[in-house]
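Shown next, in structure tokens, is the structure this report addresses.
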Amino acid sequence: MTDSTDSLYDKKCDQLLAESEIRFAGIVDKGGKLVAGGFKQGITPHEGDETRLQSFLEFVSKATIRTEYDESLGPINYLAARRDKAVLVSFPFPITQVLLLISAEPSANIENLAKKVVEIFTDVK
């Protein structure tokens, strides 16, 4: 990715972080490395452990970029997991081989989050 792409991703993530229920919005590369975005200012990660967060990013990256069912079912639009303390949603960008990972408050509406992501990231491939 280029610096201008990273800058664009940072701006888009900042737009998402302006939403009250979103705690984390980050762009993760296919290796699971965070390349843009992060936690909302003043938010302490629930995980409390950088190693576990990194492991989760790697897992989500691998799961979201898988394509074995694309031909029969179509590509993944997003993957969502609702947990007791957070909602986690990932959105793949297949052309650039990165994904957007969002962590939100448990009360967040996943469909509304998806609509907001589409609005903000509509010009990103």
Checklist outcome for this item: Residues of region 58-97 being of a type in the set (D, E, K, R) and assigned to a loop (DSSP other than H, G, I, E, B), in sequence order, are ARG66, GLU68, ARG83, ASP84, LYS85
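Go through THR44, THR51 for me and flag whichever is assigned to a helix (DSSP H, G or I), exposed (fewer than 11 other Cβ atoms within 10 Å of the Cβ) and at pLDDT below 80.
Just one listed residue meets the conditions, THR51.
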Checklist entry - With respect to the numbered conditions (1) part of a strand (DSSP E or B); (2) at pLDDT below 90, which one is the sole condition not fulfilled by THR5? => result (1)
Checklist entry - So how many residues does region 102-123 have that are acidic (Asp, Glu), part of a loop (DSSP other than H, G, I, E, B) and over 16 Å from ASP10 (Cα atoms)? => result 1
Checklist outcome for this item: Counting only residues in region 66-107 that are more than 21 Å from ASP123 (Cβ to Cβ), in contact with a Lys or Arg (Cβ under 9 Å, 6 or more places away or on another chain) and not acidic (Asp, Glu), the one surrounded by the most Cβ atoms within 10 Å (Cβ to Cβ) is identified as SER103
Checklist outcome for this item: From the option list SER72, SER90, single residue qualifying as within 18 Å of PHE39 (Cα to Cα) and at pLDDT 85 or above is SER90
Item to check | Counted residues, region 17-28 - those being within 9 Å of LEU100 (Cα to Cα) and of a type outside the set (Gly, Ala, Ser) | outcome: 2
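The values are calculated or read from the model by the stated rules, or taken from the named source; none is laboratory data. Computed from a prediction, not measured in an experiment: that's the story for all the values here. All Cβ positions, glycine included, derive from the backbone under ideal geometry; neighbour counts span all protein chains shown.
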